[in-house]
Amino acid sequence: MSILNIVAKGGILIIPIILCSLIAIGILIERLVTLRKFRINSRTFIMQIRNLLVKGQITEAVMQCKRTPGPIAKISKAAVEKYNRPHQEIRDAIESAGKMEIYLLEKNLGVLGTIAAIAPLLGFLGTVTGMIKAFMRIQMLGGNVDANVLAGGIWEALVTTAAGLAVGIPALIFYNWLQSKVEQFVFEMEDSSNALIDILHERGGSGRDLSNES
């Protein structure tokens, strides 16, 4: 018996489990592509911005932030646009940009976490309904069934549990792995933000605001 035939024996609840697996795969691919695109050497980037600020090339620093992908460049842009503004104003701009970038980094992770939780539950539900049908069949036959009939009904019911776990376990693993990657990005964002605030504080003084120039 092929895998497809076994899966087909799982009943109607195998359909949402398969849909969960397809959604989970789509989210995983999308997040991997996005996080890979966002990956930069944050220390090198901050040093580039610092060198431009030291030379007084503020507009070029903003353009460098625009050319660079990822959340660190976005929060750096928000900070540089407030070049020479009060310390608290710079920090507020960074925090505002940081919240938006964290939201984008965590996009769809909640859906992946939900799939990791409900896929096994759907499998257990399929097993329970399958067992109910098996015992209803036994009752209809008046208890005159052999071991093959009972075993066949049970293994068919267990197919959904196996399918649910096969989807839920990898989904949970990838959810935790992606969450750790997001936390790493957040740490780098905080570290870069503090470094950038120190740089801007050292260079402060003119009160120029570039937010309207960008």
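Here are the numbers:
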quantity: Anchor K107: lysines whose Cα lies under 20 Å away (excluding residues fewer than 8 positions away in-chain); calculated: K37, K74, K99, K181
quantity: Dipole of the stretch 3-203, positive end: most advanced residue of L109, A73, V182 [Cβ charges, Cα centre]; calculated: A73
quantity: Distance (nanometres) between label positions extended 7 Å along Cα→Cβ at I40 and L165; calculated: 4.6 nm
quantity: Mean Cα-pair separation over length for the stretch 3-203, i.e. relative contact order, pairs under 8 Å, 6 or more apart, %; calculated: 33 percent
quantity: D (Stokes-Einstein, µm²/s), Kirkwood Cα radius, the stretch 3-203, 1.567 mPa s at 4 °C; calculated: 64 µm²/s
quantity: The stretch 41-74 and the stretch 174-199: distance between their alpha carbon centers, rounded to Å; calculated: 17 Å
quantity: Partners for K9 among lysines (Cα-Cα distance below 24 Å; same-chain residues under 8 apart left out); calculated: K133
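Where a number appears in this text, it was derived from the coordinates with a stated rule and is not lab data. Model, not experiment: these values are computed from the prediction. Cβ coordinates were reconstructed from backbone atoms using ideal geometry, including for glycine residues, and neighbour counts include every protein chain displayed.
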